[in-house]
Amino acid sequence: MNNLIARAKELLENKIVQVIVGYEAGPTGVARPAFITNPAKADLLIYDERCVQNLAVYLTKPEVRNLGKMAIVATLPVMRSIMMLISEQQIFADNIIVLGVSSDGSLLDIADIKVMQAYIEKSDLGNPVKDRALLVELNKLSKEERFAYWQKELSKCIKCYACRQACPLCYCTRCTVEVNQPQWIPVQSNTHGNMEWHILRAMHLAGRCISCGECGRACPVGIPCHLLTMQLADEVHNYFKVYAGTSEKMSSVLSTFEPNDKESFII
Amino acid sequence: METSRKLIRKQSLEKLYNQLSATRKVYAPVIADDKQVEFKYNPGFAEVTFEHIRSTLSVKNIAFPKVENLFLYSNGKTESTITDIDLNKIPEVVLWGSHPCDNAAFDALRSIFEWDIKDEFFSKRMEKLVVIGLSCHLSDAYCFCTSVGLAPNSSKGSDILLSPLHNGDYQADILTEKGASIVNSFSELFESTSGEEVVLTTVKQKFDHEKVTSKLNGAFEHPFWVENSLRCIGCGACAYVCPTCACFDIQDETRGKNGKRYRSWDSCGFSMFTLHTSGHNPRNVQSARWRQRIMHKFSYMPDRNQSLGCVGCGRCSSGCPVDMNIAEQLEALQNI
Ligand code: SF4
Ligand code: SF4
Ligand code: SF4
Ligand code: SF4
Ligand code: SF4
């Protein structure tokens, strides 16, 4: 962490970047995103097991972008999000400095995107261990039981869209749920409409979800909605042998056709 | 009405609950499987919690449901027929065990929904509502009722306020006609007070709300808003869990010939909340939306509705995915 603070100070003092996107501790002890523009405030930065939020969501936020060139504290999911955002042409690699941190909290030397790619490639890219276990349990259920499980969970949804807003890959300026001519998804929150919303969200993230778990963490009513997109990440890997966010030139699995694609799922 | 104070023993409280629950809808807090505190209709008494700090969602949905049908329509070849909603079908509800902040929030909602024209849906639901509140013997770092003119035992908004006593019994303050009518119907369950002391939590005052309100006047362009909202991701969580947020959206939903017009919760935190049909959006960045949230509650409402728009429940902060802590910000605002 001292290395992180020293590096952040140096980047700000030498005006290499204008802002560091990292974590600080809030008044109740919860770690939260911090935007440090003044080198004297770099000491506020923390990095420990409380720092779980996927900071990549801020790379596309207009008011954060307005601050200038940024350096971002990046765990593996953040790095993978950055890769996705580059491959989808939402950000330029040249505009960001990646302050990579490994799972034990030490600062990595990520000089450029190639180095980041190499780091990602040698990491475990499957879903996080605890979510894997939850998915195994869910997949043991019969189709009907699983449907009932999701019906019960999604009936709690209040359509606050925190799951969408927290996801670095839900960056659309106008989400499908906000289109009302025609209205694809009911605005009101009821079990049926909530399910439509979650199916839509999951499909829009299939092959793009980088398994950070942020959507589920953000949900104020505790719906594990990240399991839907994580399941699809598994499916995509089974069918196409790719993990999202592993290369800056990746094309989206669900919007690309290759003559040798397996089509076993098309009835 | 003159208020009065009685004692209700623990066993009698259970009887009261069971008898109310046998004849009406009682909305009471329980701890769900996933440890979240939620209000449910008519849970068994053993399931009802007396030990919760705050439910995940507020109880505002009793008066302002997340979806309210306004009327039904049927489209013919040349004209449509409209069917009104029968408001008399709205059932009587007893709200049980909600804390003083949440009960005071009904007054804040009333200041909006009955501001000039009475919102008949809201008013009818309020008319059918009886609130049996519960003073707080527990609190946490997110609570700040004492900074917004309330306290762990404020009676505002309650018809009866129960307060726990050291020996496990409850003190019952009977505050309104509705409350008195319940006490009269079950008079055998209530006794004279015993002099036993009430167990209350203490909540430290974090700011002076009048000072905040006066500082906000003139702070519209202050750099505070951008600096303190960069991490806000613009979701609806804070407004949806908030007991006093009253904004709604109106939509028509048609299937074939028939449809309904309904309203559902909305939030000033959403990017499209103030988007005009011209494409212009007066609140086109998140800082402007965050400023609206604070201004509405601490400047516009006191000014126009003679009510604060916040009861200090702390839900918006405990529920925020990025720890936007409203009390921390209000504390800072009183000194800008
Ligand atoms: S886990 Fe959720 S937040 Fe993270 S990338 Fe997948 S869908 Fe987005
Ligand atoms: S964050 Fe939770 S409650 Fe909000 S829309 Fe997503 S699933 Fe629904
Ligand atoms: S303050 Fe928190 S809960 Fe409210 S819109 Fe911003 S991120 Fe969402
Ligand atoms: S603004 Fe926050 S603290 Fe105030 S009443 Fe609403 S949810 Fe509670
Ligand atoms: S704070 Fe925002 S969402 Fe809440 S009532 Fe005011 S304008 Fe509406």
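The values are calculated or read from the model by the stated rules, or taken from the named source; none is laboratory data. All values derive from a computational prediction rather than experimental measurement. Reconstructed Cβ throughout: ideal geometry from the backbone, glycine too, with neighbour counts over all protein chains shown.
Points worth noting:
- For the stretch B:256-265, the criterion of being closer than 24 Å to A:TYR58 by Cβ and at pLDDT 95 or above is met by no residue.
- Scanning the stretch B:214-230 for residues that are part of a loop (DSSP other than H, G, I, E, B), more than 14 Å from every other protein chain (Cβ to nearest Cβ) and among the polar types (S, T, N, Q) yields a single hit, B:ASN217.
- Qualifying positions in the stretch B:231-260 - within 11 Å of chain A (Cβ to nearest Cβ), part of a strand (DSSP E or B) and more than 24 Å from the chain's Cα centre (by Cα): B:ASP252, B:GLU253, B:THR254, B:ARG255, B:LYS260
- Counted as qualifying within the stretch A:176-267 are the helices (runs of 4 or more DSSP H) with 1 or more residues that are at pLDDT below 90 and away from ligand 3 (no atom under 16 Å from the Cβ), namely A:191-205, A:226-240.
- The stretch A:120-151: number of residues that are assigned to a helix (DSSP H, G or I) and in contact with a Ser or Thr (Cβ under 9 Å, 6 or more places away or on another chain): 4
- Considering (1) away from chain A (no Cβ under 11 Å); (2) more than 28 Å from A:TYR23 (Cβ to Cβ); (3) within 16 Å of ligand 3 (Cβ to nearest atom); (4) not charged (D, E, K, R), the lone condition that B:GLN205 does not fulfil carries the number (3).
- Verdict on A:ILE185 being surrounded by fewer than 24 Cβ atoms within 10 Å (Cβ to Cβ), within 12 Å of another protein chain (Cβ to nearest Cβ), within 16 Å of ligand 4 (Cβ to nearest atom) and of a type in the set (A, V, I, L, M): no
- Looking at the stretch B:7-122, the strands (runs of 3 or more DSSP E) lying wholly inside it that each contain 3 or more residues that are over 30 Å from B:LYS297 (Cβ atoms) sit at B:67-75, B:80-84.
- From the list B:ALA246, B:ALA239, the lone residue that is at pLDDT 95 or above and within 16 Å of ligand 2 (Cβ to nearest atom) is B:ALA239.
Per-residue answers, yes or no, for (1) within 10 Å of ligand 5 (Cβ to nearest atom); (2) surrounded by 15 or more Cβ atoms within 10 Å (Cβ to Cβ); (3) free of Cβ contacts under 8 Å to residues at least 24 places away in the same chain:
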position: B:ILE250; (1), (2), (3): no, no, no
position: B:ASP266; (1), (2), (3): yes, yes, no
position: B:GLN286; (1), (2), (3): no, yes, no
position: B:VAL311; (1), (2), (3): no, yes, no
position: B:CYS316; (1), (2), (3): yes, yes, no
position: B:CYS320; (1), (2), (3): no, yes, no
position: B:MET324; (1), (2), (3): no, yes, no
position: B:LEU330; (1), (2), (3): no, yes, no
position: B:GLN334; (1), (2), (3): no, yes, no
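- In the stretch A:7-36, the residues that are more than 19 Å from A:ALA56 (Cβ to Cβ) and not basic (Lys, Arg): A:GLU10, A:LEU12, A:GLU13, A:ASN14, A:ILE16, A:ALA25, A:GLY26, A:PRO27, A:THR28, A:GLY29, A:VAL30
- Flag if B:SER194 is farther than 18 Å from B:ARG315 by Cβ and either more than 14 Å from chain A (Cβ to nearest Cβ) or in contact with an Asp or Glu (Cβ under 6 Å, 6 or more places away or on another chain) (or both): yes
- Yes/no for A:GLY245 being more than 14 Å from chain B (Cβ to nearest Cβ) and within 15 Å of the chain's Cα centre (by Cα): yes
- Every condition in (1) under 25 Å from A:VAL64 (Cα atoms); (2) within 16 Å of ligand 4 (Cβ to nearest atom); (3) of a type outside the set (D, E, K, R); (4) touching a Lys or Arg at 6+ places or on another chain (Cβ under 9 Å) holds for B:ASN228 except the one numbered (4).
- Any hit, the stretch B:100-118, residues being acidic (Asp, Glu) and surrounded by 19 or more Cβ atoms within 10 Å (Cβ to Cβ): yes
- Scan of the stretch A:38-61 for residues that are assigned to a loop (DSSP other than H, G, I, E, B) and more than 9 Å from chain B (Cβ to nearest Cβ), ordered by number: A:ASN38, A:LEU45, A:TYR47, A:ASP48, A:GLU49, A:ARG50, A:CYS51, A:VAL52, A:ASN54
- Restricting the stretch A:129-180 to residues that are within 9 Å of chain B (Cβ to nearest Cβ), among the charged types (D, E, K, R) and surrounded by 11 or more Cβ atoms within 10 Å (Cβ to Cβ), the residue that is farthest from the chain's Cα centre (by Cα) is A:LYS156.
- Check on A:MET203, crowded, with 18+ Cβ neighbours inside 10 Å, more than 10 Å from chain B (Cβ to nearest Cβ) and of a type outside the set (S, T, N, Q): no
- Among the residues of the stretch A:14-31, the ones that are in a strand (DSSP E or B) and crowded, with 21+ Cβ neighbours inside 10 Å come to 5 in all.
- Residue identified as touching a Pro at 6+ places or on another chain (Cβ under 7 Å), crowded, with 21+ Cβ neighbours inside 10 Å and over 15 Å from B:VAL198 (Cα atoms) among B:CYS136, B:CYS145: B:CYS145
- The stretch B:154-210, residues that are within 22 Å of B:MET1 (Cα to Cα) and without any contact (Cβ under 8 Å) to a residue 24 or more places away in the chain: B:SER181, B:ASN184, B:SER185, B:SER187, B:GLU188
- Filter result for A:CYS209 (within 15 Å of the chain's Cα centre (by Cα), surrounded by 16 or more Cβ atoms within 10 Å (Cβ to Cβ), within 14 Å of chain B (Cβ to nearest Cβ) and under 24 Å from A:TYR58 (Cβ atoms)): no
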